1. Out of the residues in segment 128-148 meeting the condition of being more than 15 Å from A275 (Cβ to Cβ) and of a type in the set (V, I, T), tell me which one is most open to solvent (accessible area, probe 1.4 Å).
2. Please note which strands (runs of 3 or more DSSP E) are completely contained in segment 1-61 and include at least 1 residues that are modelled with pLDDT of 95 or more, open to solvent by 40 Å² or more (accessible area, probe 1.4 Å) and on the phi < 0 side of the Ramachandran plot.
3. Taking S256, is it open to solvent by 20 Å² or more (accessible area, probe 1.4 Å), within 26 Å of A189 (Cα to Cα) and modelled with pLDDT of 95 or more?
4. Identify, by number, the condition in (1) within 16 Å of the ligand (Cβ to nearest atom); (2) surrounded by 18 or more Cβ atoms within 10 Å (Cβ to Cβ); (3) small (G, A, S); (4) assigned to a loop (DSSP other than H, G, I, E, B) that G71 doesn't meet.
5. I'm told S315 meets every condition in (1) polar (S, T, N, Q); (2) within 13 Å of the ligand (Cβ to nearest atom); (3) more than 16 Å from I51 (Cα to Cα) except one. Can you identify the failing condition by its number?
6. If I filter segment 186-193 for residues that are surrounded by 16 or more Cβ atoms within 10 Å (Cβ to Cβ), modelled with pLDDT of 95 or more, among the hydrophobic types (A, V, I, L, M, F, W, C) and more than 25 Å from H121 (Cβ to Cβ), do I get at least one hit?
7. Return yes or no: is G132 among the small types (G, A, S) and either within 13 Å of the ligand (Cβ to nearest atom) or in contact with a Gly (Cβ under 9 Å, 6 or more places away or on another chain) (or both)?
8. From H227, H172, which residue is at pLDDT 95 or above, in contact with a Leu (Cβ under 8 Å, 6 or more places away or on another chain), open to solvent by less than 40 Å² (accessible area, probe 1.4 Å) and not aromatic (F, W, Y)?
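The values are calculated or read from the model by the stated rules, or taken from the named source; none is laboratory data. Worth saying up front: this structure is predicted, and the values here are computed from it rather than measured. Cβ: placed from backbone, ideal geometry, glycine included. Neighbour counts: every protein chain shown. Note: accessible area is taken over every heavy atom of the protein model, side chains too, but ligands, DNA and RNA are not part of it. Shrake-Rupley method; radii C 1.70, N 1.55, O 1.52, S 1.80 Å.
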Amino acid sequence: MRVLVTTDLPGDDWRRLLAAAGCHPDVRPSPAVPDEDRLVALIGDRCDAAIGQLTEPWTARVLEALRAAGGRALATYAVGFNNIDLAAATRLGIPVGTTPGVLTEATAELAVALTLAAARHLVPADRYTRDGRFTAWRPDLFLGTLLHQRTLGLVGPGRIGTAYARALVAGHHMHLVYHGRSRKPELEAEIAALSRHFTRHRQPPVSCRFAPDLDDLLAAADVVALHTPLTPETRHLVDARRLALMKPDAILVNTSRGPVVDEAALVTHLQAHPAFRAALDVYEHEPELAAGLAALPNTVLLPHLGSATHWSRQSMAAIAARNVAACLQQLPAWTGDDILPFLSATPPAAAPSIVNAAQLGLPTLP
Ligand code: DGY
């Protein structure tokens, strides 16, 4: 079976997994991002499945081409799938696989790194040192924000957001305000237990509260971290009006998807408020940056590195391969929360993460 792989993937496990399922990976050598026409051409006349990237437009037209070529599965090498027309895939009977659970800590750690970098001016301070301008210790050199006991605003308390908040609450004693579709009693209980532990050890307590109103969170937080998927509801969730609600010296961290922030409005806000900082891993028109963004000293800008650790990227490849192989072998869709068993030598006989399994009426396991 021919499996189109639109760009080469890290590690070798994924190749072995596909081969063991009777699949031949047809790996496109070019790293250039294919557009719609190019994807249709790559799919060609015969394509049993595809492993694609978050940068590619898996539109209805492309999915129709995949179906017409005999395609029975699409695995995206990402946890986010906003670039895929899921309704079209479902209508065409194509299961769509994603790679959750193996990039949670990697992305959370990167968000922590961005937060600390923005709080303590790491990027300009590094440049200052390299440029030979560090000629004497000074009491006022690069004064930053102390995170300890300040307020963290978490938007999107999913797996990654929770791991990020846990690191800053446990490690830096930050108070947590979170906003999402619903309350997270387990998260609240975990932080209450942590606070009791801190108090017993004569350390300052931490608090946690749910903010049903995002505006309330934005006004209260010293750091606002976005961990929400991109949907029609979250596009431009942070716009000019909401930026104006934030503290003038707040830090905005975005490792989710660029269009969650109105980037032009962010540039205007950063220009008007030099003490406000933005630490971004993702961009509204990625890989383009909004005009003026790169020139701003109050930003930390990374090239979408959230999951970029060796382990995560190799594991993502293995999960994508398992999604494809399992769909082609007509195995059920996994409904367990834990994806890690799929990296073991005796994985469940299932597709690890099919986001439209319920809509397609696929059999499930367990
Ligand atoms: C994802 O998986 O959606 C990230 O943005 C890239 O790893």
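1. Applying the filter and picking the extreme gives T135.
2. Numbers: elements: 2-5, 24-27, 49-52.
Where strands (runs of 3 or more DSSP E) fall fully within segment 1-61 and carry at least 1 residues being modelled with pLDDT of 95 or more, open to solvent by 40 Å² or more (accessible area, probe 1.4 Å) and on the phi < 0 side of the Ramachandran plot, they are 2-5, 24-27.
3. Values: open to solvent by 20 Å² or more (accessible area, probe 1.4 Å): no; within 26 Å of A189 (Cα to Cα): yes; modelled with pLDDT of 95 or more: yes.
So S256 fails the test.
4. Just one mismatch for G71, condition (1).
5. Of everything listed in (1) polar (S, T, N, Q); (2) within 13 Å of the ligand (Cβ to nearest atom); (3) more than 16 Å from I51 (Cα to Cα), S315 misses just condition (3).
6. Of all residues in segment 186-193, those surrounded by 16 or more Cβ atoms within 10 Å (Cβ to Cβ) come to 187-188, 190-191.
Narrowing further to those that are modelled with pLDDT of 95 or more: 187-188, 190-191.
Filter again for among the hydrophobic types (A, V, I, L, M, F, W, C), leaving 187, 191.
Narrowing further to those that are more than 25 Å from H121 (Cβ to Cβ): 187, 191.
The answer is yes, given that some residue of segment 186-193 is surrounded by 16 or more Cβ atoms within 10 Å (Cβ to Cβ), modelled with pLDDT of 95 or more, among the hydrophobic types (A, V, I, L, M, F, W, C) and more than 25 Å from H121 (Cβ to Cβ).
7. Values: among the small types (G, A, S): yes; either within 13 Å of the ligand (Cβ to nearest atom) or in contact with a Gly (Cβ under 9 Å, 6 or more places away or on another chain) (or both): no.
Against the criterion (among the small types (G, A, S) and either within 13 Å of the ligand (Cβ to nearest atom) or in contact with a Gly (Cβ under 9 Å, 6 or more places away or on another chain) (or both)), G132 does not qualify.
8. Values: H172 fails: open to solvent by less than 40 Å² (accessible area, probe 1.4 Å).
Every option except H227 fails the conditions.
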